[in-house]
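Structure, as structure tokens:
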């Protein structure tokens, strides 16, 4: 019998086009987004802060790690984010027109 996936699981399982990079996190944490950091369509550089994460009341800035344009935001503020969960889809700069 096939397992039914929730809407969130289906969204996370969605395959990204080969031309997009996927930003993920290495651990379980609470996520904070702010338009002060990025918004849909923002152009980011490798060292730009894209969001904050909270682990045990310690906040850490998450860097983009790639140069390009934010094409999709897959999480919301106050989401509990799991290891390897996709956060953002980024169109690498080499693909930008």
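The values are calculated or read from the model by the stated rules, or taken from the named source; none is laboratory data. Everything numeric here is computed off the predicted structure, so don't read it as measured data. Neighbour counts are summed over all protein chains in view; Cβ atoms, including those assigned to glycine, are modelled from backbone coordinates with ideal geometry.
Scanning segment 21-33 for residues that are surrounded by 17 or more Cβ atoms within 10 Å (Cβ to Cβ) and part of a loop (DSSP other than H, G, I, E, B) gives 25, 33.
For residues in segment 57-74 being surrounded by fewer than 16 Cβ atoms within 10 Å (Cβ to Cβ) and in contact with a strand residue (DSSP E or B) (Cβ under 9 Å, 6 or more places away or on another chain), which is farthest from residue 21 (Cα to Cα)? Top of the filtered list is 59. Residue check: residue 77 meets all listed conditions (1) surrounded by 14 or more Cβ atoms within 10 Å (Cβ to Cβ); (2) closer than 22 Å to residue 41 by Cβ but one, namely (1).
Evaluation of residue 36 against the conditions (1) assigned to a loop (DSSP other than H, G, I, E, B); (2) at pLDDT 90 or above shows that the sole unmet condition is (2).
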